[in-house]
1. State all residues of the range 481-492 that are more than 27 Å from the chain's Cα centre (by Cα) and modelled with pLDDT of 95 or more; if no residue qualifies, say none.
2. For the range 289-307, name all the residues that are closer than 18 Å to ARG543 by Cβ and within 17 Å of the chain's Cα centre (by Cα).
3. Given the residues ALA421, ALA358, which is the only one that is part of a helix (DSSP H, G or I) and either touching a strand residue (DSSP E or B) at 6+ places or on another chain (Cβ under 8 Å) or outside the structural domain of ALA104 (by TED's automatic domain parsing) (or both)?
4. Look through GLY221, GLY247, GLY285, GLY237 and report the one residue that is at pLDDT 95 or above and crowded, with 18+ Cβ neighbours inside 10 Å.
5. In the range 141-152, is there at least one residue being buried (at least 22 other Cβ atoms within 10 Å of the Cβ) and modelled with pLDDT of 95 or more?
6. When the range 562-618 is examined, which residues are found to be in contact (Cβ under 8 Å) with a residue 24 or more places away in the chain, part of a loop (DSSP other than H, G, I, E, B) and within 29 Å of the chain's Cα centre (by Cα)?
7. Take the residues of the range 493-516 that are under 29 Å from the mean Cα position of the chain (by Cα) and of a type outside the set (Gly, Ala, Ser): which is surrounded by the most Cβ atoms within 10 Å (Cβ to Cβ)?
8. Just give me the residues in the range 491-520 being touching a residue at least 60 places away in the same chain (Cβ under 8 Å) and either farther than 27 Å from VAL553 by Cα or not in a loop (DSSP other than H, G, I, E, B) (or both), in sequence order.
Amino acid sequence: MPLQSTAGADEAPGPVGLTSGAHTVLRPAGAARITGGLWDARRTVNARTSIPDGYERLEEAGNLHNLRLAAGTSQGAYVNDLPFMDSDAYKWLEAAAWQLGDPATDTAAAGELADSISKLTTLLEQAQQPDGYLQSYYQVQKPSVRFQELAWGHELYCAGHLVQAAVAHVRTTGRTEVLAVARRLADHVDERFGTGEGRIDGVCGHPEIETALVELYRCTGERRYLDLARYFVDRRGHGLLPEGRFGSRYWQDHVPVRDADAVAGHAVRQLYLLAGVVDVYAETGDTTLLEAAERLWEEAAARRSYLTGGVGSHHEDEAFGDPYELPPERAYTETCAAIASAMLSWRLLLATGRARYADHLERVLFNGFLSGVSLDGRSYVYVNPLQVRDGHVQSEGDHTAFRTRWFRCACCPPNVMRLLASLPHYMAASDGEGLLLHQYATGSYAAGTAAVDVATDYPWNGRVEITVTGSGAEEAAGDWPLTLRIPHWAAGRWSARVAGEPLSAKEAVTDDGWLRLRRPWRRGDKVVLELDLASRLTSPPSRVDAVRGCVAVERGPLVYCVERVDQPSGTRLDDLRLDPARPLTETRREDLLGGTVTVGATARTAAPPPAGSWWPYDERPSPDVAAGPTGAETEGPFEVTAVPYHLWAHREDGPMRVWLPLDERRQAPRP
């Protein structure tokens, strides 16, 4: 069937390609390029190192070998016992496709990417069964078992990632080879699942296919893909999956999504599901789905999210914890969960136009997500704790606190690659009239006749300079609104000038976090936004028992942490006590971690428990306890140095903490 995309004509090809009739307030920008600054540097490493290296890791880890077994072109044993090995190859394929479509990719690198994509595509064509089925684990290990182990089999999950890779490939190259494989598999799923006679009435234990099917509908115009996505959303929560060892909440099968009042279970599963819910809403107009997604997002952000934007408090089931159960040293906060959170917040931003979703997207991108990959693009962290204690013993297996080249369960590395490769699409949007900049990065952005260049050293510097470029040779650039996000942490601490003149009192009014500037623009007009990035101390919610009496250091959109390597020799991070009455200092360090801004704070070191003491608890009568803890200070005051959280664990595998206990003798800052 010929390709009949229903997407709007004035949009750059990206992970979300809304149809012309989509029920959203915003649409992705018509063009978006990141050309400088932090995000350009990290994307360059992703393009030059991570993605090429990723293909080699897939070869070494056996993912490609397993597909060759399914194709009958190789012999040997199936590698690994995880049923979702194919999905890592598909996420890499999606990353490679987005990178191939990036104008900054040089000719030689593009040729190598295209060659690798072609090889993998040929392998998928060879492995795919005549009826469209494709899943190497079941084809090799359990050839007579298809769609019978929906809870843990990940067949639909893998299919979803293949579809997303195919959509990326056709949108960036116009080629349909990968899409043909993905459509045959999607058609097979469509034939097998549903409520009709002879069909399987079931859902996948790991949501993912929902959002992929919506995108396949957007790409092809085939309504049945959207209908199938809606079926999977509607049927979840009706007890179609077994209880399993973690219960039905683990895969969000305990209650229909429209009736849920709180996020539950495996964090990535929950957030992927909600991303699909928003996608289905956008193309059907079913407001009950949007209401559910907004309600659950707010509940998660308000009661189950870490300061970094990370989510997931439990290691065993990789799940959300109870409300305000946010222990820093036991934070699971999987990198994939941060990526899923970014996907959801971006979709909700497009659907509603509310700045809160852009604020949260920024927090996740700079902190909970970016910590997941090293500066050199060769190693990753699976979990992102907010504290590593003195004397920490690194656990065995995949889920270590420190950076690792690859994992037995390697879901995170290629997920990082695909988000970085597609990141320009997350920066700007159109409101139908003009251009809306909701993330700040040096580059060029356009929507219709509205076009600008952005120059900024954000997040190290709060100055954002925007130059109107227009869409043609004429000097006039049109009358349209330029909308800028004022981050929630900068409320009341920002200024803006247009053509060198400060805004009038009427113009300087923000609406839900947006600064809207409308005027007849001319080419070369400049808007300068100044955001105050001054370092600040942040207090936790009072119900988070694990960090009560602590503060964290933040600067602009960045969360900071202290590492042992930056402190005076012999400093024990577990005994630090911060003095909130002393001012914070800032230092630009071009020689440190690729260039960064450090923050200094004044602290003391409390006395550790007495040596040889078998009972560390202080059991004095209450009047004495009120006077403060026993033991004399052993050191202080002295300056501790904090670095951005996303840069931790680059110099040593040692102690780190985000939340710092206050010196009990000093006044705590107001929340």
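The values are calculated or read from the model by the stated rules, or taken from the named source; none is laboratory data. Keep in mind that what you see is a predicted model, and the values were worked out from it rather than measured. As a convention, Cβ positions derive from the backbone with ideal geometry for all residues, glycine included, and neighbour counts pool all protein chains shown.
1. PRO481
2. GLU298, ALA300, ALA301, ARG304, SER305, TYR306, LEU307
3. Details: ALA421 fails: either touching a strand residue (DSSP E or B) at 6+ places or on another chain (Cβ under 8 Å) or outside the structural domain of ALA104 (by TED's automatic domain parsing) (or both).
When all the criteria are applied, what remains is ALA358.
4. GLY237
5. Checked against the condition, which is being buried (at least 22 other Cβ atoms within 10 Å of the Cβ) and modelled with pLDDT of 95 or more, the range 141-152 yields no hits at all.
6. Those that are in contact (Cβ under 8 Å) with a residue 24 or more places away in the chain, part of a loop (DSSP other than H, G, I, E, B) and within 29 Å of the chain's Cα centre (by Cα): LEU592, LEU593, GLY594, GLY595.
7. Only one residue fits best here, namely LEU515.
8. Step one: list which residues in the range 491-520 are touching a residue at least 60 places away in the same chain (Cβ under 8 Å), which gives 512-514, 518.
Scanning the range 491-520 gives TRP514, ARG518.
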